[in-house]
Amino acid sequence: MTPTSPTAAELMQVHEHFTATAAAVDAGTQDVREGLRWLGDRGLLRPVGDRTARVGRAVRLLRAVAAASLADAFVAWSQTMVVEYLTCCPPEPELVGVLADLGAGVLPGATALAPAIADAGGGAPVPVLAEQVAGGWTLTGPIPWASNLFPDAVVVVPARARDGGRLVAALRLGAPGVHVGPAVPLLALNSTGTSSIELDSTPVTAGAVLTRDLLAFLSLCRPTMLLTQAALALGVADGAIASTAEASAAAGSGPVTVVLGEDHRALEAHRDAVADELAALAAGLDAAEPTAFALARIDALHLAARAVELEGLAHGGTGFQASSASSRRRREAAFLPLQAPTLLQLRAAAAAAAQHRNQ
């Protein structure tokens, strides 16, 4: 595969691969990291090209994976964002090898920026405290929620210094003072290494600090974050829309099929509009209004919710069986509005921006 721009045929290969393993990943009988290594072997996780090229490629790739398996796509999303963080903030020599291993899919990357997003939006302050010491910092405090917390993973963590400043650092799960909490059973995505972390004077060197300006860091990375998150929702919608078409074709003609067909065509049109919007925003990453990215993800979330709802109606009782792909997609899609920034946070930010414009 070409690492710069996967073709339609290559993306179909991606979709077919993850479709074949989706049920096993959901059941926990297949390690989700195998999918990361599969993508890494094909050069699809490496940071190639400028930021616009990277985000455009990531949107297409994550959409294809999510159409088959959101668990695999979510892990790939976390990996993509950690690679992006280390690419946007050129690492010190000690992290160059780490970036290469992340891009190869052999080293998991975990993003733990949810507290930073809440902090930047006026919510609770970042709970991890940073104490400056000779040669770097020590970090102490909780990380309530993160994924890809597999052994030796690289975790990108925000922290709050004594002077009130905010920094972002990369640390390894095997570092001293890192305690990973037990996994909590989830409605779906149980294979994604999701848990909590408690840091106890965990050392990070000065070279592992990506930035001392958290707000500037979030401003730089937020468009990529929101567009790739929207790609997850778009992919789920793709899978549900295709499944609905299959169920409709199997049902034959009749009043129910006619109504289903009308709704299905409306969803296809909405899906295509969302896809066009994401492509346009990715191509004009630096020119778009900041709120456009949030609004695009909100639109994608609504699309995914409607798509899995219609898929459930199309399949009826068979789609309610726990082992069905329709049931799995409905469970997975329930997570999408909760991913930070959450749908509630996005709506609040969009409302605040609109109010500011009207003043």
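Data overview
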| quantity | calculated |
| --- | --- |
| 5 Å binning of all Cα-Cα separations within segment 211-271, expressed as whole percents from 0 upward | 4, 16, 18, 14, 11, 8, 7, 7, 6, 4, 3, 2, 0 |
| Dipole-positive endmost among Leu281, Gln355, Val65 within the chain (Cβ charges, Cα centre) | Gln355 |
| Compactness index (Cα Rg / 2.2 N^0.38 Å), segment 62-111 | 1.20 |
| Extended-chain gain in nm, criterion 0.36 nm per residue less alpha-carbon gap, Thr291 and Arg162 | 43.3 nm |
| Debye, to nearest 20: dipole size of segment 127-252, +1 on Lys, Arg Cβ, -1 on Asp, Glu Cβ | 300 debye |
| Computed FRET value (nearest 0.05) for Leu215 with Glu16, which takes r as the C-beta separation and R₀ as 45 Å | 0.60 |
| Normalised per residue, the volume of the convex hull around the Cα set of the chain (Å³) | 132 Å³ |
| Mean Kyte hydropathy of -0.5 or more with a Cα span along the axis of at least 24 Å, helices from DSSP in the chain | 8-27, 70-88, 214-251, 255-283, 290-315 |
| Listed residues Gly261, Gly193, Gly56, most fluctuating in the chain (Gaussian network, C-alpha, under 10 Å) | Gly261 |
| Most fluctuating residue given options Thr257, Thr202, Thr87, as computed from a GNM of the chain linking Cα atoms under 10 Å | Thr257 |
| Span from the segment 143-216 Cα centroid across to the segment 284-344 one, whole angstrom | 27 Å |
| Projected-area average for segment 116-181 over all orientations - Cα convex hull basis, square nanometres | 4.7 nm² |
| Translational D in µm²/s for segment 212-359 (Stokes-Einstein at 10 °C, 1.306 mPa s, Kirkwood Rh from C-alpha pairs) | 96 µm²/s |
| Per residue accessible area of segment 186-304, 1.4 Å probe, in Å² | 41 Å² |
| Stretch gain in nm, segment Glu34-Ala322, where the contour uses 0.36 nm per residue and the Cα spacing is subtracted | 101.3 nm |
| Cα convex hull of segment 60-206 - mean projected area over all directions, nm² | 9.4 nm² |
| Among Ala58, Ala104, Ala24: highest mean-square fluctuation, GNM of the chain, C-alpha pairs under 10 Å | Ala24 |
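The values are calculated or read from the model by the stated rules, or taken from the named source; none is laboratory data. A quick note: this is a predicted structure, and the numbers were derived from the prediction, not measured. Reconstructed Cβ throughout: ideal geometry from the backbone, glycine too, with neighbour counts over all protein chains shown. Note: areas computed on protein heavy atoms with side chains; ligands, DNA, RNA excluded. Shrake-Rupley method; radii C 1.70, N 1.55, O 1.52, S 1.80 Å.
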